[in-house]
Amino acid sequence: MKPDTDNRAAGQAQGEQLDSRVIPVMREAIAMVHMVCFRELKNKLADRFKDWEPAEFRRLVGAIINDIFGTPAPDGESVRFARQHQNTVEKELWALADNLADLLPHLTDALRMQTLCDHEQGINSLPTLLRARTLGVLVEERPIPMPSTFIILVRQLGARYGMLEPMQAAEPASE
């Protein structure tokens, strides 16, 4: 990532802040990218892990997605599973750029927006962004979108995956 890109992703230009009303909407958009990545990765890995129990396989995919986003597992059983299968999770993280190649622009945007939202809330998630960079999942030359553009792009992604209704053009008001 370019040096000024690091600064913008971590907090926009000096002194600028996101409107606090935008952060929850951005977090929902980031969660949508999580869900799309989970679904796509589950499909990509299904053949390789067909011998695994379905619940264990879902936990594996969840551990990979949680790791790339730096999000803690939601329950103790998932934490235990991630520790027990740490080598498999790590191996799949290194293959993530190939397995989610079509989603890398969205994943890049989501990780950057997550870092921006976290920064606004006093959380330092820059190490998560740097880890994603090391793993090769950040499209570094991709410009950072404005929050409204990011939300629109994620809405289109969610619609493409059947998770959201497509946006409809508003009918002009009749007089």
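The values are calculated or read from the model by the stated rules, or taken from the named source; none is laboratory data. Keep in mind that what you see is a predicted model, and the values were worked out from it rather than measured. As a convention, Cβ positions derive from the backbone with ideal geometry for all residues, glycine included, and neighbour counts pool all protein chains shown.
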Among the residues of region 66-86 satisfying the criterion of being polar (S, T, N, Q) and under 20 Å from residue 130 (Cα atoms), which is surrounded by the fewest Cβ atoms within 10 Å (Cβ to Cβ)? 86
Extreme residue, nearest to residue 153 (Cα to Cα), among residues of region 100-119 that are of a type outside the set (A, V, I, L, M, F, W, C) and surrounded by fewer than 18 Cβ atoms within 10 Å (Cβ to Cβ): 105
Out of all the residues in region 106-115, is one or more in contact with a Phe, Trp or Tyr (Cβ under 6 Å, 6 or more places away or on another chain) and part of a helix (DSSP H, G or I)? yes
Residue by residue through region 87-101, note down the ones that are of a type in the set (A, V, I, L, M), assigned to a helix (DSSP H, G or I) and within 18 Å of residue 128 (Cα to Cα). 89, 93, 96, 97
Kindly provide the set of residues from region 116-145 that are assigned to a loop (DSSP other than H, G, I, E, B), among the charged types (D, E, K, R) and without any contact (Cβ under 8 Å) to a residue 60 or more places away in the chain, ordered by number. 141, 142
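Does residue 77 fit the bill of being under 21 Å from residue 149 (Cβ atoms), modelled with pLDDT under 95 and among the charged types (D, E, K, R)?
no
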